[in-house]
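These notes are about the structure you will find just below.
The values are calculated or read from the model by the stated rules, or taken from the named source; none is laboratory data. Remember, it's a predicted structure, so these values are computed and weren't measured experimentally. Glycine also receives a Cβ, built like all others from the backbone with ideal geometry; neighbour counts cover every protein chain displayed. SASA here: full protein model, heavy atoms, side chains in, ligands and nucleic acids out. Shrake-Rupley method; radii C 1.70, N 1.55, O 1.52, S 1.80 Å.
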Amino acid sequence: MSRPILFLDSGVGGLSVLGPTRALLPTAPIVYVADNAGYPYGTRSEAEIAARVPALLGRLVERYDPRLVVIACNTASTIALGAVRAALDVPIVGTVPAIKPAAEISVTRTIGVLGTAATVRQPYVDDLAARFAADCTVIRHGSAALVDLAEAKLAGAATDAAAYRAVLDGLFGQPGGQHIDVIVNACTHFPLVVGELAAAAPHPVRFVDGGPGIARRVVHLTDGQGWPADAPEGLAVFTRDDDRLPALAPALARYGLTRLAIL
């Protein structure tokens with residue numbers, strides 16, 4: 001019962017996946033790992049991610065003995081998921097852009113995919129678009145700035161509405177962008193600022209992300225397993241000490257992560 005679910009992201013973005021998982025499994029032991037020494041994954045090369053993520057998860061699985069691992073990062077999942085599954089003898093759940101549900105609800109048949117530069121250029125995204133949104137125009141934009149905005153918000157800093165408008169201009173300013181009616185938040189950081197994004201959009205749009213689907217997948221894979229009667233304190237693990245960690249503590253506590261460790 002004490003074996004945790006382990007979540008990995010380069011920062012606090014994976015909290016948008018942890019949240020819906022906690023809602024379905026409220027007493028699950030949680031280890032949340034923010035690889036801030038490798039932050040942000042979205043600006044790193046495919047080779048760096050492919051080398052870093054499996055090696056780090058190998059260490060984490062050995063140390064924390066999780067019953068299941070969630071790679072709560074689109075970039076790491078689209079690049080390294082296969083290698084991680086081949087290397088580790090533990091169930092691995094990845095995070096992929098929610099293009100299928102976006103296509104199911106788009107009326108204009110024009111979808112925006114907002115992610116990191118590393119995610120939106122992946123062949124995996126091409127495949128998702130071809131399989132599930134073949135009759136849609138899929139417009140992509142990669143933004144490292146939005147990752148930093150989400151991190152700043154969770155650390156309690158004020159963020160500028162103009163910065164969100166500038167990010168969305170990368171989608172709506174492309175040819176055909178004015179027809180976008182659904183945006184896929186294809187980075188786990190972005191649902192953390194979905195209110196700011198909605199307010200900055202030039203017209204009403206719907207936002208979708210993979211968090212709820214991942215939570216349902218975790219429930220399915222752990223069906224029949226025992227859980228503690230009461231939720232233990234969640235552990236947040238960082239891979240580097242950082243002056244910003246105290247500022248993040250209140251946000252982490254809102255997700256049940258009240259203990260802190262440096263790997």
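With a 1.4 Å probe rolled over the protein heavy atoms of all chains, the accessible area of ASP89, ASP223 falls in the order ASP89, ASP223, largest first.
FRET efficiency for the pair GLU104 and ALA83, taken as 1/(1 + (r/R0)^6) with r the Cβ-Cβ distance and R0 = 22 Å, rounds to 0.15. Just round it to a whole percent: the fraction of Cα-Cα distances in the chain exceeding 36 Å. For the chain, the fraction of Cα-Cα distances above 36 Å is 10 percent.
Backbone phi angles across the stretch 170-180, fed through the Karplus curve with coefficients 6.51, -1.76 and 1.60 (θ = phi - 60°), yield HN-Hα couplings of x, 8, 5, x, 7, x, x, x, 5, 8, 4 Hz in residue order; Gly and Pro are listed as x. Put a plus charge on the Cβ of each Lys and Arg, a minus charge on the Cβ of each Asp and Glu, and nothing anywhere else: the dipole of the stretch 5-136 about its Cα centre is then about 120 debye. Our Cα-only numbers for the stretch 2-140 put the radius of gyration and Dmax at 15.7, 48 Å. Residue-wise HN-Hα couplings along the stretch 9-14, as the Karplus relation 6.51 cos²θ - 1.76 cosθ + 1.60 with θ = phi - 60° gives them from phi, are 8, 7, x, 8, x, x Hz; Gly and Pro carry x.
Close amide-amide hydrogen proximity is noted between ARG206 and VAL182, ILE183, each under 5 Å apart and 5 or more residues distant or on a separate chain (H modeled in the peptide plane; Pro and chain starts excluded).
For the stretch 43-71, there are no residues whose amide N sits under 20 Å from a probe point set 7 Å from the Cα of THR258 along the beta carbon direction.
Listed values for the stretch 126-142 are Karplus-derived 3J(HN,Hα) couplings in whole Hz (6.51 cos²θ - 1.76 cosθ + 1.60, θ = phi - 60°), namely 4, 5, 4, 5, 5, 7, 10, 9, 5, 9, 10, 8, 10, 10, 10, 8, x, and x replaces Gly and Pro.
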